[in-house]
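Remarks on the structure that follows.
The values are calculated or read from the model by the stated rules, or taken from the named source; none is laboratory data. Given the structure is predicted, the values throughout are model-derived calculations rather than measurements. We place every Cβ from the backbone using ideal geometry, glycine too, and count neighbours over all the protein chains shown.
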Amino acid sequence: MKPVLPFIVISQFFCTSLWFAGNAILPDLATYFHIESNNLAHLVSAVQFGFITGTFLFALLGIVDRFVATKIFFVCSVLAALCNLSIVMLNTNEVILLVSRFLTGFFLAGIYPVGMKIASDHYQQGLGKSLGLLVGALVLGTAFPHFLKGFNTHYSWQFVLFATSTLSVLGGTMMLLFVPKGAYSNLSKKMDFSVIPRGFKIHNFRKAALGYFGHMWELYTFWAFLPALILTYKTQNNLIELNVSLWAFLVIASGSIACVVGGYLSQSFGTKRIAIIALTLSCSCCLFSPIFLHYANTITLFVFLVFWGMVVIADSPLFSTLVAQNAPTENKGTLLTITNSIGFSLTIISIQFFRIIAETINPTYLFVFLAIGPILGLWAMLGTKEKG
């Protein structure tokens, strides 16, 4: 592993801790700002919608391919931190809260896909392993607010926001100071609005992107509704001592291990093959979830959720690797970013779809509907010829 990769990975971890900062303190925000339960899904979706808007604009304008990626990363890390912290600093109401989370997501568009672009600028061989480490850092960053909240229940919800904002600034600074321009970086001279449609005409790029979209239908809805799932189980079984935030952290964080392991396995068995295996396993978890939610004891359910938390994210860096490898070098950043934008657009639909059907379907059977994405993703991957 070259010396530059640890800096990229740590910076990604620090900055993406902003992502689920709101989710980790959602019950506190609901109580403090008197948010109705029906509106909580909107708060969860605000970050996603902000990220979608940001990635779409970044891709449309070709920003990631036209400017130095580390500088974009730094600027966005500072702005995202300020937006995250505005909940504490401003005279916040529910509207400002939604705007704050939206803008945090918007500037995360200059962090997550840009971090992958930076990694791909430095690595061609072993890109799957590098992105496995990078997405593993994203997973830890995503889970970290749950850790802050669950590790010590005496911490206030304001502390979680201060801590994640501080980490984001540190991560952006580290990226700017310690990560040079990559050997495989190739800046574009001008905007080209035909880049995106041209990219989707490439057979293997299109197939990899569609596989990624199926994966995304499941991933963020699982993460978003995981605390509610655990809380429901806790309430139904009268498990007073069960720490919902700590469980959520452990389940989500376990995915970081799977990302790293999947990245290394891809070097021996192929990126596409490992991605398909992971997507198949997560699909199986969706389909078999009612059995575990209804019949499993606490330990068995925890083991099942940890396994699900691993396989649900293990394919993410692998699909990103396939996307990057099958995109033209000069447009790689733009096509990675638009793929993220479309994928996260699907998370909005998935989360809102879940919110609606949750009102009429027994929670035990709810997560079966997450299998829709993986099934379509697996179908799309058929016929893809692996590159590299």
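General observations
- Test: residue in the range 136-152 that is in a loop (DSSP other than H, G, I, E, B), closer than 23 Å to LEU29 by Cα and more than 22 Å from the chain's Cα centre (by Cα): yes
- Among residues that are touching a Ser or Thr at 6+ places or on another chain (Cβ under 8 Å), crowded, with 24+ Cβ neighbours inside 10 Å and within 23 Å of SER45 (Cβ to Cβ), THR92 is not included.
- Among the residues of this structure, SER188 does not count as one that is within 20 Å of ASP65 (Cα to Cα) and either crowded, with 21+ Cβ neighbours inside 10 Å or modelled with pLDDT of 85 or more (or both).
- Restricting the range 354-375 to residues that are loosely packed, with under 15 Cβ neighbours inside 10 Å and in a helix (DSSP H, G or I), the residue that is modelled with the highest pLDDT: VAL368
- The set of residues from the range 35-53 being touching a residue at least 40 places away in the same chain (Cβ under 8 Å) and over 20 Å from SER350 (Cβ atoms) comprises just one member, ILE35.
Residue by residue, here is whether (1) of a type outside the set (A, V, I, L, M); (2) at pLDDT 90 or above; (3) surrounded by fewer than 22 Cβ atoms within 10 Å (Cβ to Cβ) holds:
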site	(1), (2), (3)
LEU242	no, no, yes
LEU246	no, no, yes
ILE257	no, yes, yes
VAL261	no, yes, yes
ALA275	no, yes, no
LEU279	no, yes, no
LEU287	no, yes, yes
ILE299	no, yes, yes
MET310	no, yes, no
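- Among the residues of the range 78-129, just one is more than 15 Å from GLN12 (Cα to Cα), hydrophobic (A, V, I, L, M, F, W, C) and assigned to a loop (DSSP other than H, G, I, E, B), namely LEU90.
- Which numbered condition PHE222 fails, given (1) outside any helix (DSSP H, G or I); (2) closer than 30 Å to ASN362 by Cα; (3) in contact with a Phe, Trp or Tyr (Cβ under 9 Å, 6 or more places away or on another chain): (1)
- Picking from residues in the range 54-74 that are among the aromatic types (Phe, Trp, Tyr) and under 18 Å from the mean Cα position of the chain (by Cα), the one that is nearest to SER345 (Cα to Cα) is PHE56.
- Count of the range 215-231 residues which are touching a Leu at 6+ places or on another chain (Cβ under 7 Å) and within 25 Å of LEU57 (Cβ to Cβ): 4
- Long-range neighbours under 7 Å by Cβ, at least six apart or interchain, first residue closer than 14 Å to CYS15 by Cα within the range 55-77, second outside any helix (DSSP H, G or I) and not aliphatic (A, V, I, L, M): ILE72/GLY110; PHE73/GLY110; VAL75/GLY110; CYS76/GLY110
- If you go through the range 80-119 and pick out every residue that is more than 30 Å from GLU36 (Cβ to Cβ) and among the aliphatic types (A, V, I, L, M), you end up with 5.
- Leading residue by the ranking (surrounded by the fewest Cβ atoms within 10 Å (Cβ to Cβ)) among those in the range 35-54 that are of a type outside the set (Ser, Thr, Tyr), at pLDDT 80 or above and out of contact with any Leu (no Cβ under 9 Å at 6 or more places or on another chain): PHE49
- Close pairs from the range 185-204: first within 12 Å of ALA327 (Cβ to Cβ), partner exposed (fewer than 13 other Cβ atoms within 10 Å of the Cβ), Cβ under 8 Å, at least 6 apart: ASN204/LYS385
- Answer from GLY126, GLY150, GLY171, GLY182 - the residue that is at pLDDT below 85, surrounded by 15 or more Cβ atoms within 10 Å (Cβ to Cβ), within 20 Å of PHE73 (Cα to Cα) and of a type in the set (Gly, Ala, Ser): GLY182
- Any hit, the range 318-326, residues being surrounded by fewer than 24 Cβ atoms within 10 Å (Cβ to Cβ) and closer than 21 Å to TYR112 by Cα: yes
- Pairing residues of the range 336-365 that are over 19 Å from LEU229 (Cα atoms) with residues that are assigned to a helix (DSSP H, G or I) and of a type in the set (Lys, Arg), at Cβ distances under 8 Å and at least 6 apart in sequence or on separate chains, gives LEU336/LYS117; THR337/LYS117.
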